[in-house]
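J.: Before I ask anything, let me first share the structure, which is written out below as C-alpha cells.
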Amino acid sequence: MLRKIRLTLGILSLTLVTLLFLDFTGTVHAWFGWLARIQFMPAVLALNAGVILFLVVLTLLLGRVYCSVVCPLGVFQDVVSWLSSRRRGRKNRFRYSPAKTWLRVGVLVLFVAALLAGVGSVVALLAPYSAYGRIASNLLAPLWGWGNNVLAYLAERMDRYAFYSVDVWVKSLPTLLVAVVTLVVVVVLAWRHGRTYCNTICPVGTVLGLLSRYSLWRPTIDASKCTGCTLCARRCKASCIDAKAHRIDYSRCVACMDCIDNCREGAIRYVCRLGQGGKAVAANGKTKAVTENPATATENPVSRPVETVSRPENAVGATGKMATAHVPAGRAGRRSVEGAQIDTARRSFLLATAAAAGAAALHAQEKKVDGGLAVIEDKKPPRRHTPLTPPGSVGARHFFQHCTACQLCVSVCPNGVLRPSTDLARLMQPVMSYERGYCRPECTKCGDVCPTGAILSLTVADKSAVQVGHAVWIKKNCVPLTDGVECGNCARHCPTGAIQMVPSDAGNPDSLKIPVVNEERCIGCGACENLCPARPFSAIYVEGHESHRTI
C-alpha cells in the first residue's frame, strides 16, 4: 500500500511539473505553480523559510520521500529504471554497494562554493530541479509545440480555432547540448544502476541523506524473519541494503518501499525507530539486529524462495560439457523472425522521427520573405556592455545569484524575449534579447512563475515604471540617413513616448527626421529595437542597467 501511494503521488508530481514547462497558456501555472516553489533549491535561493522547514521536518520524520515523490528528476529516474526492469532477466539486477562518500561530499563542497561565489553556471548544472527543467523545456517542449501546431492546422481546416500555432525554435544551442548530455547521463545511469545519480552526484540528495540518517520512520529489517534470499537488495535501486548484515544505509535510502513490497517473508517493515523493542539503533542510523546462533540456525527449505538463474559459469557440468536447454526449432525460428521484425520496426521509427524532427527544425528556422520575393535578412543581436535582465529581477547581480537556470521563465515568455545566455559565466541563465519580440508592458508571466525569487512578481502598473535599460541610437544604421526615406517606426511604437523625431538638419525643418531618445522616460522594453527595419543590426538598441530604476 505504501509503495502504491508513493508511486501515485510521484507520477502525479512528475506529470504536473513537466506540464509547467510545456504549458504556454498559463493555465497549469495558475493551479500548480506551487509545485515549482516547493522544490528544494528554489526554496533555498528564495529564502523561503516555510518550505525549507517543511522539507527538513518531512525528511527527519519519513526519510528521503522528497527524492522519490517531489523531485521531478528523481521520479524520472524511477521511470527509466522501471522501464529497464521490464526487460527479460533484468528485474532483480541490483546489488549492495558501499557509499561513495568522498564523491558525494566533494560534489556538495563544489556546489556550495559555487553558490557562495555566485558562479551560477555550476549551480545550474548540478541542481536537480533545474536539470530536469532544461530537459523538459529544450527537448520535450518542442515536441509539445509541434503537436499543438498540428492540431491547430487541422482545427483551422475545419473552421475551428480551439488551438493556435506557436513558434518552435532553438533558443540556445549550448543549453540544448547541455540538456542532451544531462539526459543521456541520467538515463544511462538509471537504466543500468538505478539511483546512482541521486546518491553520488546530486547535492540535494547528499544534504537530505545526512538528515535521513536520523529519520524517525524508516524501513527496518527483522533478522529473525529474514531467510537471506537477498531479494530486497536485488530490488533496491539505491543499492543501500546489505542483506547479509541486515543493514540499510539510510543516507541513500529514498523510501521507495520496493523492498517492503517485494519481501516474501515480511521481514522488512516501515516502522518508527523509537518503538522497535529489543532492536537498538546505532548513531549512524543503521539497525543492529540480534541474529541467531550460526551453530543452531537452520534454513527452512519450504519458506526459502527458489530462483533459477542461468549463468555461463554455472552451465558447465561435472563432465566439463556445456549444458544447453533444448529449444524447439520452430519456436526458435519464430523468435528470431519476431526479433528481426521488432529491430526493423524500431530502426524505421527512429529514422522517421529523426527526419521529421530535422525537417521541423529547419522549417522553424526559415527566414521570412517580403511579398514572396526578397528574403528578409535576420537581425543580429547587438553587443551590449551590460546584459538585460527581466523587470522584477532588481538588477544583474541579484538575478544571477538567485537564478538556477531552470528555464521556466523562458518557457512561458510569449514574446520570445527571454533566452538562455551563452556567456560562460552566466551559461544557461536567461537574458533578454529583442530579435523576435519585445517585452510588452502588460506581460508579467516571468515574475509570476519564477520559483527562486530571481524575478519578483510585479503588477502591470509597477512593471511599466521599471527601467531595465535605455535605448541607444546608432546613426550609421538609421534608415532615413542610409536610404533617404522617412521611417519613425521607433517613435510610433514606443509605449512610454521616450522617442521623438526631430529634423536631421537643425537648420532645415523639412529635412528627414531622426530619433532622439529621452533616457529618463525610456524603460528598455525593446519595442524600438525589435521594430526597427534596419538590417542586420538595428539603428536603435537597448543597453542594460546593472541595477534597475523606478521612473
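J.: Could you go through segment 65-72 and let me know if any residue there is within 13 Å of the chain's Cα centre (by Cα) and without any contact (Cβ under 8 Å) to a residue 24 or more places away in the chain.
T.: For segment 65-72, residues within 13 Å of the chain's Cα centre (by Cα) and without any contact (Cβ under 8 Å) to a residue 24 or more places away in the chain: absent.
J.: Among the listed residues Val166, Val186, identify the single one that is of a type in the set (Val, Ile, Thr), within 19 Å of the chain's Cα centre (by Cα) and open to solvent by less than 50 Å² (accessible area, probe 1.4 Å). Give the steps one after another, and end with the answer.
T.: Working: Val166 fails: within 19 Å of the chain's Cα centre (by Cα).
Going through Val166, Val186 in turn, the sole match is Val186.
J.: Moving on to the next point. Looking at (1) in a loop (DSSP other than H, G, I, E, B); (2) out of contact with any strand residue (DSSP E or B) (no Cβ under 9 Å at 6 or more places or on another chain), which is the one condition that is false for Leu211?
T.: Unmet condition: (1).
J.: Same structure again: Out of Thr404, Thr496, report the one residue that is of a type in the set (S, T, N, Q), at pLDDT below 95 and touching a helix residue (DSSP H, G or I) at 6+ places or on another chain (Cβ under 8 Å).
T.: Among Thr404, Thr496, only Thr404 is of a type in the set (S, T, N, Q), at pLDDT below 95 and touching a helix residue (DSSP H, G or I) at 6+ places or on another chain (Cβ under 8 Å).
Residue by residue, here is whether (1) of a type outside the set (A, V, I, L, M); (2) at pLDDT 95 or above holds:
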| site | (1), (2) |
| --- | --- |
| Leu2 | no, no |
| Asp23 | yes, no |
| His29 | yes, no |
| Leu47 | no, no |
| Val56 | no, yes |
| Arg95 | yes, no |
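J.: Okay, moving on. Considering only segment 398-495, give the strands (runs of 3 or more DSSP E) lying wholly within it that have at least 3 residues that are over 20 Å from Tyr129 (Cβ atoms) and either open to solvent by 10 Å² or more (accessible area, probe 1.4 Å) or not hydroxyl-bearing (Ser, Thr, Tyr) (or both). Don't jump to the end; show me each part of the working.
T.: Working: elements: 418-420, 430-432, 466-473.
Passing ranges, in order: 466-473.
J.: Can you tell me how many residues within segment 266-285 are out of contact with any Leu (no Cβ under 9 Å at 6 or more places or on another chain) and modelled with pLDDT of 90 or more?
T.: Adding up the residues that qualify gives 5.
J.: Working only within segment 192-203, note down all residues that are under 15 Å from Ala238 (Cβ atoms) and part of a helix (DSSP H, G or I).
T.: Hits for segment 192-203 are Arg192, His193, Thr196, Tyr197, Cys198, Asn199, Thr200.
J.: Moving on to the next point. Can you name every residue in segment 156-179 that is over 17 Å from Gln429 (Cα atoms) and β-branched (Val, Ile, Thr)?
T.: Pass one, segment 156-179, residues over 17 Å from Gln429 (Cα atoms): 156-169.
Once the filter is applied, which keeps residues that are over 17 Å from Gln429 (Cα atoms) and β-branched (Val, Ile, Thr), segment 156-179 yields Val166, Val168.
J.: I need a count of the residues in segment 427-470 that are among the aromatic types (Phe, Trp, Tyr) and free of Cβ contacts under 8 Å to residues at least 40 places away in the same chain.
T.: 0
J.: I'm told Phe54 meets every condition in (1) crowded, with 17+ Cβ neighbours inside 10 Å; (2) in a helix (DSSP H, G or I) except one. Can you identify the failing condition by its number?
T.: Among (1) crowded, with 17+ Cβ neighbours inside 10 Å; (2) in a helix (DSSP H, G or I), the lone unmet condition for Phe54 is (1).
J.: Please specify each residue of segment 513-532 satisfying the condition of being open to solvent by less than 50 Å² (accessible area, probe 1.4 Å) and closer than 14 Å to Val479 by Cα. Let's see the steps before the verdict.
T.: Start the filter on segment 513-532 by keeping residues that are open to solvent by less than 50 Å² (accessible area, probe 1.4 Å), which leaves 514-515, 517, 522-530, 532.
Across segment 513-532, the qualifying residues are Ile514, Pro515, Cys528, Glu529, Cys532.
J.: Pick out the one residue from Leu115, Leu103, Leu177 that is surrounded by 15 or more Cβ atoms within 10 Å (Cβ to Cβ) and either under 25 Å from Pro420 (Cα atoms) or in contact (Cβ under 8 Å) with a residue 60 or more places away in the chain (or both).
T.: Leu115
J.: Could you figure out which of (1) within 30 Å of Ala425 (Cβ to Cβ); (2) open to solvent by 10 Å² or more (accessible area, probe 1.4 Å) isn't true of Ser130?
T.: Result: Ser130 passes all but (2).
J.: Still on this model: Quick check: is even one residue across segment 39-53 under 29 Å from Arg269 (Cβ atoms) and either in contact with a strand residue (DSSP E or B) (Cβ under 6 Å, 6 or more places away or on another chain) or hydrophobic (A, V, I, L, M, F, W, C) (or both)?
T.: Yes, some residue in segment 39-53 is under 29 Å from Arg269 (Cβ atoms) and either in contact with a strand residue (DSSP E or B) (Cβ under 6 Å, 6 or more places away or on another chain) or hydrophobic (A, V, I, L, M, F, W, C) (or both).
J.: Being modelled with pLDDT of 90 or more, surrounded by fewer than 20 Cβ atoms within 10 Å (Cβ to Cβ), of a type in the set (A, V, I, L, M) and in a loop (DSSP other than H, G, I, E, B) is true for just one of Ala255, Ala245. Which residue is that?
T.: Ala245
J.: Go over the candidates Cys478, Cys525 one by one and state the one that is in contact (Cβ under 8 Å) with a residue 60 or more places away in the chain and touching a Phe, Trp or Tyr at 6+ places or on another chain (Cβ under 7 Å). Break it down stepwise before answering.
T.: On the way: Cys478 fails: touching a Phe, Trp or Tyr at 6+ places or on another chain (Cβ under 7 Å).
Cys525 is the lone residue from the list that is in contact (Cβ under 8 Å) with a residue 60 or more places away in the chain and touching a Phe, Trp or Tyr at 6+ places or on another chain (Cβ under 7 Å).
J.: Which members of segment 3-30 meet the condition of being assigned to a helix (DSSP H, G or I), within 17 Å of Cys450 (Cβ to Cβ) and not hydrophobic (A, V, I, L, M, F, W, C)?
T.: The answer is His29, and nothing else.
The values are calculated or read from the model by the stated rules, or taken from the named source; none is laboratory data. What you see is a predicted model; the values in this text were computed from it and never measured. We place every Cβ from the backbone using ideal geometry, glycine too, and count neighbours over all the protein chains shown. All accessible areas refer to the heavy atoms of the entire protein, side chains included, with ligands and DNA or RNA removed. Shrake-Rupley method; radii C 1.70, N 1.55, O 1.52, S 1.80 Å.
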